[in-house]
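Each value in this text was obtained by applying a stated rule to the coordinates, not by laboratory testing. Nothing here was measured: the structure is a model prediction, and the numbers come from that model. Reconstructed Cβ throughout: ideal geometry from the backbone, glycine too, with neighbour counts over all protein chains shown.
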Amino acid sequence: MAPKAGRGRTAEKTLASVLGIRLEQIAAEHDDLSAFLARVGISPGTYYLLVKGDANPTLDTLELIAKGLGLSVWELLGLNDGDVKKALDARDIDLEAIRAASRARVEALTQLESQRVEFRKKSAGQSGKSTHKG
C-alpha cells in the first residue's frame, strides 16, 4: 500500500519543528545570539528558518550544530543517549558505530570547509594581482 500523499512532508516538518524548538531553548541559555550562532556554525537566516520549522535540516546540519554545542545529535533533539542506546541495542544497531561514522563525517565536513576557505583566500589573492607588465 502506497503512503498517503504528504505524509513524508509531515514527518519532515515534525523533525524540523522539534529541532527548531530545541535550538530556540538552547539559544535562550546564551546571552549573545550572534556568539551562539557562530559557535554552532549557522547563519542568522538559517537559525530563524530552523526555529520557525521552515527549514529541512540535513544530517550534516544536525551533526555540525551538535558538535558546536558539544552534544550528540540525540541530545540536540532532546533525547537521552542512554535511552537511544537501549532502543538501538534492542534492534541490534551499534550506537558506537553510528557515533564513529558521525565523527568521521563531521571531521570530513570540517576539513572540506577549511579547504574551501583556503581556496577562497587564494582565489581572492590571485584576482587582486595585476597580470599586466609594464
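Distance between the pseudo-spin-label points of LEU88 and ASN56 (7 Å out from Cα toward the beta carbon): 2.6 nm. Farthest toward the positive end of the dipole of the chain, out of TRP74, SER114, SER102, is the Cα of SER114, where the dipole comes from beta carbon charges about the Cα centre.
Working note: Cα gyration tensor of the chain, eigenvalues times five, square-rooted, sorted largest first, giving semi-axes of 35, 19, 18 Å.
For the chain, a Gaussian network of Cα nodes joined below 10 Å ranks ILE93, ILE65, ILE26 by mean-square fluctuation, and the top entry is ILE93.
Of all segments of the chain bounded by trypsin sites (Lys or Arg not before Pro) found in a DSSP loop with no more than 12 other C-beta atoms within 10 Å, the longest spans 5-90.
Charges were assigned to the Cβ only: +1 to each Lys and Arg, -1 to each Asp and Glu. The resulting dipole of the chain about its Cα centre is roughly 800 debye. Considering helices alone, the calculated mean residue ellipticity of the chain at 222 nm is -23500 deg cm²/dmol, with DSSP H runs of length four and up weighted by -39500 (n - 2.57) and normalised per residue. Largest mean-square fluctuation among ILE98, ILE42, ILE21, in a Gaussian network model of the chain whose springs join Cα atoms under 10 Å apart, belongs to ILE98.
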